[in-house]
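Please read the structure below before turning to the comments.
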Amino acid sequence: GEFNDSMFELDRELGAGNGGSVERVVHKETGTIMARKLIHLDTNEEMFKKILLELNILKDCNHKRVVAFYGSYQYQRSQIRICMEYMDGGSLDKVITRFGKLHESIIGAVAAAVVEGMTYIKKEHDIIHRDIKPSNILCSTQGDIKLCDFGVSGQLVNSIVQSFVGTRSYMSPERIIADHQYGVSSDIWSLGLSLMELGYGTHPFPRLKPDEIEELMRLPEGTPAPQRAVHVDFIDILADRVENDAPKLSSEFFGPDCCEFIDACLRKEPDQRPTLDSLSNFNFVKHYGETITVQTIATYVKKSLNGE
Ligand code: ATP
Ligand code: MG
């Protein structure tokens with residue numbers, strides 16, 4: 001049946017982003033714990049119906065690398081509420097805020113998971129994610145790593161009033177120049193930047209300097225890196241990305257396979273980046289995708305939650 005608001009009991013807020021917030025709720029009838037995303041929209045009834053219809057595609061997106069969708073509904077005249085699988089480890093941005101940089105092997109497992117998820121939504125549903133970033137990669141104490149918040153509803157994407165800050169900080173150079181030419185290669189760039197952030201424990205823009213990198217890498221695991229104010233000179237960051245060479249991962253601190261993969265994703269020209277199909281053949285993805293077990297990830301996620 002269809003969801004409505006009376007079917008849920010609010011537990012607590014999990015976090016807030018640009019377009020709204022996410023709460024932990026209980027579906028009363030089944031006792032299922034869900035994550036409910038509230039999206040504020042200022043639009044007409046017809047558009048609400050259209051968006052809800054488009055979101056139904058999510059019902060067919062069933063994959064171990066994609067957060068499960070339970071249903072969505074309109075709330076009053078101002079919100080769309082989307083109910084999805086609750087991931088108890090939270091998003092990777094929160095993990096690094098609490099825990100600091102991730103070990104290279106875990107980053108490899110994340111890369112493998114994201115590549116699998118991106119491949120599934122593209123191959124099976126012809127969907128491009130459009131918003132790959134650490135806050136849209138979720139993990140659980142079961143050792144799962146899954147993608148969420150991909151752009152299934154064009155109408156929804158258009159209706160959300162996005163603030164400039166945040167939403168654009170993972171944008172590829174070609175998107176900054178021309179917003180329309182969006183392809184899988186733009187997602188691949190965002191993946192590269194996200195993985196780099198996981199490796200340093202902080203957003204790599206404004207461009208990290210060698211001595212800053214050295215300092216970050218000296219911090220033992222479990223030490224949160226200082227947060228960088230990426231929004232301060234935002235225009236400068238965007239200009240930097242368009243004008244300067246692509247960011248590179250420091251080969252002093254990361255292994256050759258890791259650098260090869262991330263640097264390839266971050267090539268400035270979209271057509272120089274690897275294709276989605278070839279991503280899974282990189283040593284970095286293959287090796288850690290196969291050798292890092294769910295048990296290892298589960299242990300790691302639990303450690304990060306306990307602040308160890
Ligand atoms: P933006 O709005 O720019 O996309 P965001 O991804 O951080 O940023 P939301 O998508 O609204 O914003 O999510 C807010 C927070 O809620 C996330 O950072 C994450 O920590 C948490 N969250 C989202 N979905 C889930 C989920 N399914 N399970 C557990 N926590 C979640
Ligand atoms: Mg999100």
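The values are calculated or read from the model by the stated rules, or taken from the named source; none is laboratory data. Everything quoted here is computed from the prediction, not taken from an experiment. Methodologically, a virtual Cβ is constructed for each residue, glycine included, from the backbone with ideal geometry; neighbour enumeration extends over all protein chains shown.
Points to keep in mind about this one:
So that you can scan it fast, the table gives a plain yes or no per residue for (1) in contact (Cβ under 8 Å) with a residue 24 or more places away in the chain; (2) more than 30 Å from THR43 (Cα to Cα); (3) more than 14 Å from the chain's Cα centre (by Cα):
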{"position": "HIS63", "(1), (2), (3)": "yes, yes, yes"}
{"position": "GLN74", "(1), (2), (3)": "yes, no, yes"}
{"position": "ARG81", "(1), (2), (3)": "yes, no, yes"}
{"position": "TYR86", "(1), (2), (3)": "yes, no, yes"}
{"position": "ASP93", "(1), (2), (3)": "yes, yes, no"}
{"position": "ALA113", "(1), (2), (3)": "yes, yes, no"}
{"position": "ILE127", "(1), (2), (3)": "yes, no, yes"}
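- Complete set of residues in the range 118-155 that are of a type in the set (D, E, K, R) and within 14 Å of ligand 2 (Cβ to nearest atom): ARG130, ASP131, LYS133, LYS146, ASP149
- Residue selected from the range 35-55 under the condition touching a Gly at 6+ places or on another chain (Cβ under 9 Å) and farther than 10 Å from LEU156 by Cβ, by the criterion nearest to ligand 1 (Cβ to nearest atom): LYS37
- Residue match in the range 259-270 (condition: loosely packed, with under 12 Cβ neighbours inside 10 Å and farther than 18 Å from ILE96 by Cβ): yes
- Boolean, ILE107 is touching a Leu at 6+ places or on another chain (Cβ under 6 Å), under 13 Å from SER194 (Cα atoms), part of a helix (DSSP H, G or I) and not basic (Lys, Arg): yes
- Checking the stated criteria, ILE128 turns out not to satisfy the condition of being at pLDDT 95 or above, crowded, with 17+ Cβ neighbours inside 10 Å and out of contact with any Cys (no Cβ under 6 Å at 6 or more places or on another chain).
- Residue within the range 20-31 that is part of a strand (DSSP E or B), modelled with pLDDT of 95 or more and over 27 Å from ILE132 (Cβ atoms) present: yes
- Scanning the range 71-90 turns up no residue that is assigned to a helix (DSSP H, G or I), modelled with pLDDT of 95 or more and either within 16 Å of ligand 2 (Cβ to nearest atom) or more than 28 Å from GLN155 (Cβ to Cβ) (or both).
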